[in-house]
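Taking it in order: structure first as structure tokens, then the write-up.
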Amino acid sequence: MPTTNDNGIEILRTTIGDDGSLVVDNRIEDIKAGQAAPDNTATPSTRFRAGNVIVRGNRIRNCDYSAVRGNSASNIQITGNSISDVREVALYSEFFVEGAVIANNIA
């Protein structure tokens, strides 16, 4: 994905549960704070209530907020991503999370 705006890649569910999506080997850049995700942020890669998601090997650059956010996303794996020029916390997992792995990222 050469260039995105607003929220970039989102995986959104109405209820907390298993999802199994993969966000792998993308280039995500120039994410602006124009449109809000369910948690009122504009983030290039957001998981909201989606469990068992893998975010790996992505190049994320120039974000108004965080690069990867797992909101109520249990068993999320955020590994091997390259992140630069973000204006909030680069990677995090929050709210009702069990088993999150955030490792081997460069930020």
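Considering only residues that are of a type outside the set (G, A, S) and either out of contact with any Gly (no Cβ under 6 Å at 6 or more places or on another chain) or without any contact (Cβ under 8 Å) to a residue 12 or more places away in the chain (or both), which ones fall in segment 67-86? I'd like the intermediate steps shown before the answer.
Residues of segment 67-86 that are of a type outside the set (G, A, S), as a first pass: 68-69, 71, 75-79, 81, 83, 85-86.
Answer for segment 67-86, where residues must be of a type outside the set (G, A, S) and either out of contact with any Gly (no Cβ under 6 Å at 6 or more places or on another chain) or without any contact (Cβ under 8 Å) to a residue 12 or more places away in the chain (or both): V68, R69, N71, Q77, I78, T79, N81, I83, D85, V86.
Quick one: is R49 at pLDDT 85 or above, crowded, with 21+ Cβ neighbours inside 10 Å, charged (D, E, K, R) and assigned to a strand (DSSP E or B)?
No.
On the basis of being of a type in the set (G, A, S), at pLDDT 95 or above and open to solvent by less than 50 Å² (accessible area, probe 1.4 Å), does A103 make the cut?
Details: of a type in the set (G, A, S): yes; at pLDDT 95 or above: yes; open to solvent by less than 50 Å² (accessible area, probe 1.4 Å): yes.
It is true that A103 is of a type in the set (G, A, S), at pLDDT 95 or above and open to solvent by less than 50 Å² (accessible area, probe 1.4 Å).
Scan segment 8-24 residue by residue and report those that are among the hydrophobic types (A, V, I, L, M, F, W, C), open to solvent by 50 Å² or more (accessible area, probe 1.4 Å) and free of Cβ contacts under 8 Å to residues at least 60 places away in the same chain.
Within segment 8-24, L12, L22 meet the criteria.
Among (1) open to solvent by less than 10 Å² (accessible area, probe 1.4 Å); (2) at positive phi, where does G57 come up short?
With respect to (1) open to solvent by less than 10 Å² (accessible area, probe 1.4 Å); (2) at positive phi, G57 is out only on (1).
Would you check which residues across segment 54-100 are aromatic (F, W, Y) and either over 12 Å from the mean Cα position of the chain (by Cα) or over 18 Å from S21 (Cα atoms) (or both) and list them?
Of everything in segment 54-100, those that are aromatic (F, W, Y) and either over 12 Å from the mean Cα position of the chain (by Cα) or over 18 Å from S21 (Cα atoms) (or both) turn out to be Y65, F95, F96.
The values are calculated or read from the model by the stated rules, or taken from the named source; none is laboratory data. Computed from a predicted structure; not experimentally measured. Cβ atoms come from the backbone with ideal geometry, glycine included; neighbour counts cover every protein chain shown. Note: accessible area is taken over every heavy atom of the protein model, side chains too, but ligands, DNA and RNA are not part of it. Shrake-Rupley method; radii C 1.70, N 1.55, O 1.52, S 1.80 Å.
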